[in-house]
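The block underneath contains the structure these notes are about, expressed in structure tokens.
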Amino acid sequence: MTPLQFAVPIGALESVSGAFPYVILALVLANFVTRHRAFSHYKRAAENGADTLDRYVPHVAVSAVLALVSLLYLVIEPHSGMVISVLVVGTVIADIFEFEARNVEARNNLDIEKPKGAITVSILMLLYASFLALFWVIEDQWAAIV
């Protein structure tokens, strides 16, 4: 018996474990879409003043769900789950700091810049999530080489 089996229904997670990489990839792509919409939202809000700038709720929700799913994937696949979880948590932390940077820019009447740090981490997250979900496409060629 493992202590974790009482906290997380491992049997139920293992029954849907094949879908996790695809769900993570879909959430990463949704994260890109909501990040773009959040940037547009921040630019519009900054034109009305720094006090109107607030977090974009759909982006926060997608990021939270992505973090939860990646941590659940960590229970099923420890190695790849740890890698994707670190990337997701890094993206969430970058989002927090990027939002604060947008607040500073709005308060000082500066141009609102793109969230370069969060975009960079998101691209790494997309690459690894694509690797997890789409490796079957190149698996035969990979096995022939390696």
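Each residue in region 86-119 was checked for being farther than 22 Å from Ile24 by Cα, touching a residue at least 24 places away in the same chain (Cβ under 8 Å) and part of a helix (DSSP H, G or I), and 6 pass.
Do you know which residues across region 115-145 are among the charged types (D, E, K, R) and either at pLDDT below 90 or on the phi > 0 side of the Ramachandran plot (or both)? I'd like the intermediate steps shown before the answer.
Start the filter on region 115-145 by keeping residues that are among the charged types (D, E, K, R), which leaves 116, 139-140.
Once the filter is applied, which keeps residues that are among the charged types (D, E, K, R) and either at pLDDT below 90 or on the phi > 0 side of the Ramachandran plot (or both), region 115-145 yields Glu139, Asp140.
Scanning region 38-83 for residues being among the hydrophobic types (A, V, I, L, M, F, W, C) and surrounded by fewer than 12 Cβ atoms within 10 Å (Cβ to Cβ) gives a total of 2.
Reported count of residues in region 121-132, each being within 12 Å of the chain's Cα centre (by Cα) and touching a residue at least 24 places away in the same chain (Cβ under 8 Å), is 7.
Could you please find all residues in region 36-77 being part of a helix (DSSP H, G or I), more than 18 Å from the chain's Cα centre (by Cα) and either of a type outside the set (Ser, Thr, Tyr) or more than 22 Å from Ala26 (Cβ to Cβ) (or both)?
Listed by number, the residues that qualify are His41, Tyr42, Lys43, Arg44, Ala45, Ala46, Glu47, Ala50, Asp51, Thr52, Ile76.
The values are calculated or read from the model by the stated rules, or taken from the named source; none is laboratory data. Small disclaimer: the values here were computed from a predicted structure and weren't measured. Note: ideal-geometry Cβ built from the backbone for every residue, glycine included; neighbour counts use all protein chains shown.
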